[in-house]
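Asks: Below is the structure I would like to discuss, written out as structure tokens.
Nothing in this text is a laboratory measurement; each read-out follows from the coordinates by a stated rule. These figures come from a predicted structure and were not determined experimentally. A quick note on method: Cβ atoms are made from the backbone with ideal geometry, for glycine too, and the neighbour counts reach across all protein chains shown.
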Amino acid sequence: MPMNIWGYVVRRLLYIIPMVIGITAITFFTVFAAAGGNPVAIVEANDPELPQATVNALIAYLQLDKPVPIQYLNWLWNVVHLNFGVSIQSGRPVSDIIWSWAWTTVYLQLFALVVSVALAIPISVYAARRRNSAGDFVITGISVFGISAPVFWVGEMLIILFAYDLGVLPAGGAHSLNAVWPWSIGDYLAHLALPAAVIAYFNLGLYVRLLRSRLVEIFQSDYVMALRAMGTPERITVYKHALRNAITPVVTFVGLALGTSIAGAPVTETTFSWPGLGYEFVRAITNLDFPVILAIVFLISVMTMVSNIVVDILYVYIDPRVRVS
Amino acid sequence: MATQTVRRRSASQFAVALRRFRRSKAGLTGLGMLVFMSIVAALGPRIAPYNVNSNNLLLEGETDIAPTWLKPPLFHNWAFPFGTTVGGLDVFSGVLVSLHVDMIIGVGAALFAMALAILVGLVSGFYGRVVDTVLMRITELFIVFPALLFLLLLSRLLAGRLTGVETILFYIIIIGVFSWATNARLIRGEVLRVKSLEFIESEKALGASTSRIVFRHILPNVLAQVVVLTSFTVATSILTEVALFFLGFGSGNILSLGEIMYLNFPYMDVEWWSELFPGISVVILVLAFNLLGDGLSDALNPKLRE
């Protein structure tokens, strides 16, 4: 393990700061530009029966009497103190509600990630070893279908089949109304099954395509031929030697795909009414709930970048040739 | 016989690629699907058997909101091969009309994104130094940018104010602006690779101008990569556009496959066909571009020897 890994991690984490500032600033100024400098006017136009108290609270929160850059800096200053303001929709402080949404998103994504990686490895090995066989053809076909089908559509088909026709799984939500964690773990898992399957299937398509083509190349390489000539058991050749070299680019890719998947949460979560950041983001956008919109853009950006860093660190552990710089 | 000259030109790069492409099952399947879908998309609005104007989604004279306005959705009726929706839309006509719009937005956004990507990639890779650093920082920002969130925000704020043609341009631009970054980075890498080759060095020594090196030598050599990336970018652009409309962020004045699925999402327990058929159309369209991209990638990859 290289000694300077922590320095590297800290540098990467610090690098997040300018990126997040850039992203939130662009979002912030877009809201203002689109609103003609007055987001409250849009909110009022959207909901004319909004209580005056809420409007006043919003004006006070956004400090609309000050110049826009000052307002942005003020927002940023509050975010540093984990104060995201008050939701226009519910009147509650955003920081009170946002963490449970974030957690709901994270456990769905992580569950799907684990499932897809666990399945991708044996499936890719199978396809690569029997290259151009019927099995390989089916696997590559299913994979390319997985990345070509809209995730929400796959979700809808599963809902129609498993929830409406067979009636074995719930159509949406993260748990039943009366379910209590952890006693109703079965209920939670039943709700998790379909959304996790949809996300895992999409990721699986990406991973299998990449891993399979890497493995095909490696199985033709000299060192694998040498191992086979020496009579090394096939299982060890494949899983100990070939897979190790094939997995490294996949690891980077897992990080990118996790980021994409989290950023794509509005689509998957809306399909399943999954009460996470994505679902709430769509609701907040529909209602033009600016504090919530900004908070979710902020959180999702941070989560995407942190997942990339985690994967980069993993990369160093898996491939000893990689040196951090 | 001995005097007959063997006329055999060395195969051009294009001929080699074409020969390889003809042997790629994925590529040929993709091309076939694409030709079919292009014809359908081009003719769609003309051959649609029923009117699908957004205003007619509800049948005439039935404007009250109570469930009584719901038409019983139909399936198993050859007059409506893909069924009808509770709103009275013939799904087959809807799909035909939507494909036209989806194809224009998907291809348009991808071409726009690729133009940006080529520009940034070429300039960044060729000039290097400060230009490269600045452009790559901007590129990184766009790569990590939560594009879908921002697209939703923009659509919500602006889409409702636009006319039909403006809406199409609007989606082309916003999807394009958030799809170029990864491609720009890949093209830059390719430019750097080509730039370090010996023949560029000798061309420089011969006194070739910058524009000659860029347009005569570097661009043709990165073109293979550009063609492959374009195909994949069309696929992702279509998926993004359909997702935006599915989430209800269409402008309401153009019909898209995602819009049909959005409008009928609440009723999918009684009319699965209004989700199934538009979805399958999206899959075929996207699959065509992905398979074509796979085929092109194999055909144009110089590392894969025959």
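Asks: What is the angle, in °, between the Cα long axis of helix B:219-246 and the longest principal axis of the Cα atoms in chain B? Nearest 10 is fine, range 0 to 90.
Replies: Approximately 10 degrees, to the nearest ten.
Asks: If you don't mind, another one. Calculate for chain B the 222 nm mean residue ellipticity that helices alone would give, adding -39,500 (n - 2.57) per DSSP H run of length 4 or more and normalising by residue count, nearest 500 deg cm²/dmol.
Replies: Helix-only estimate at 222 nm: -22000 deg cm²/dmol.
Asks: As a footprinting exposure proxy, order B:L229, A:L50, A:L277 by other Cβ within 10 Å, with the fewest listed first. Don't skip to the end; give the middle numbers.
Replies: Details: B:L229 26, A:L50 15, A:L277 29.
Ranking B:L229, A:L50, A:L277 by Cβ neighbours within 10 Å, fewest first, gives A:L50, B:L229, A:L277.
Asks: Under 10 Å, Cα contacts only: if you run a Gaussian network model on chain A, which one of A:Q220, A:Q71, A:Q109 comes out with the highest mean-square fluctuation?
Replies: Its mean-square fluctuation being the largest, the pick is A:Q220.
Asks: Long-range amide H contacts for A:V86: which residues qualify at under 5 Å (H placed 1.01 Å from N, peptide plane, sequence gap of 5 or more or a different chain)?
Replies: The list, which skips near neighbours in sequence, is A:V94.
Asks: Can you work out the Karplus-derived ³J(HN,Hα) for every residue in the stretch B:91-104? Use 6.51 cos²θ - 1.76 cosθ + 1.60 with θ = phi - 60°, whole Hz, and x for glycine or proline.
Replies: Values, residue by residue: 4, 4, 4, x, 5, 4, 5, 5, 4, 4, 5, 4, 5, 4 Hz.
Asks: Across peptide B:151-158, what mean number of C-beta atoms from other chains lies inside 10 Å of a residue's C-beta?
Replies: What the average comes to for B:151-158 is 6.
Asks: How much net charge surrounds A:P18 when only the other residues with a Cβ under 14 Å from the Cβ of A:P18 are counted, with Lys and Arg +1 and Asp and Glu -1? Intermediate values should be presented prior to the final figure.
Replies: Values: positive: A:R11, A:R12, B:R137; negative: B:E140.
Within the 14 Å Cβ shell, the charges total +2.
Asks: Apply the Karplus curve 6.51 cos²θ - 1.76 cosθ + 1.60, θ = phi - 60°, to the phi angles in the stretch B:292-297 and return the couplings in whole Hz, x for Gly and Pro.
Replies: 4, x, 4, x, 5, 4
Asks: Over all residues in B:279-287, what is the mean tally of Cβ atoms on other chains that come within 10 Å of each residue's Cβ? Working shown, then result.
Replies: On the way: counts 7, 3, 0, 4, 6, 1, 1, 6, 6.
Going residue by residue through B:279-287 and averaging, the value is 4.
Asks: When Cβ neighbours within 10 Å are restricted to other protein chains, what is their mean count per residue of peptide B:289-297?
Replies: 2
Asks: Please report the net charge: other residues with Cβ closer than 13 Å to the Cβ of B:L135, K and R +1, D and E -1.
Replies: Taking every Cβ under 13 Å from that of B:L135, the sum is +2.
Asks: Another question about this same structure. Would you list A:S307, B:S209, B:S274 from fewest to most Cβ contacts within 10 Å? All intermediate terms of the calculation are to be shown ahead of the outcome.
Replies: Details: A:S307 23, B:S209 11, B:S274 28.
Placing the least packed residue first, the sequence is B:S209, A:S307, B:S274.
Asks: Sticking with this structure for a sec: Within chain A, which complete DSSP H helices have Cα atoms spanning at least 30 Å along the helix axis and a mean Kyte-Doolittle hydropathy of 0.0 or higher?
Replies: Working: long enough: A:5-34 (43 Å, 1.67); A:94-129 (52 Å, 1.36); A:185-219 (44 Å, 1.05); A:290-318 (42 Å, 2.26).
Flagged H segments are A:5-34, A:94-129, A:185-219, A:290-318.
Asks: Rounding to the nearest 10 and keeping the result within 0 to 90°, find how far the Cα-based axis of helix B:13-22 lies from the longest principal axis of chain B.
Replies: 40 degrees
Asks: Next question. Can you sort B:L239, A:L82, B:L135 from fewest to most other Cβ atoms within 10 Å of each residue's own Cβ? All intermediate terms of the calculation are to be shown ahead of the outcome.
Replies: Values: B:L239 26, A:L82 11, B:L135 20.
The most exposed by this proxy come first: A:L82, B:L135, B:L239.
Asks: How far is the Cα center of the stretch A:194-222 from the Cα center of the stretch B:208-243, in Å?
Replies: 25 Å
Asks: Using only the alpha-carbon atoms of chain B, report the extent along each of the three principal axes, biggest first, to the nearest angstrom.
Replies: That gives 80, 62, 28 Å along the principal axes, largest extent first.
Asks: Rounded to the nearest 10 degrees, what's the angle between the helix B:164-177 long axis and the longest principal axis of chain B, both from Cα atoms, 0 to 90?
Replies: 40 degrees
Asks: Skipping prolines and chain starts, which residues have an amide H placed within reach, meaning under 5 Å, of the one on A:W274, given they are 5 or more residues away or on another chain?
Replies: Residues meeting the criterion, in which the H sits 1.01 Å from N, are A:G173.
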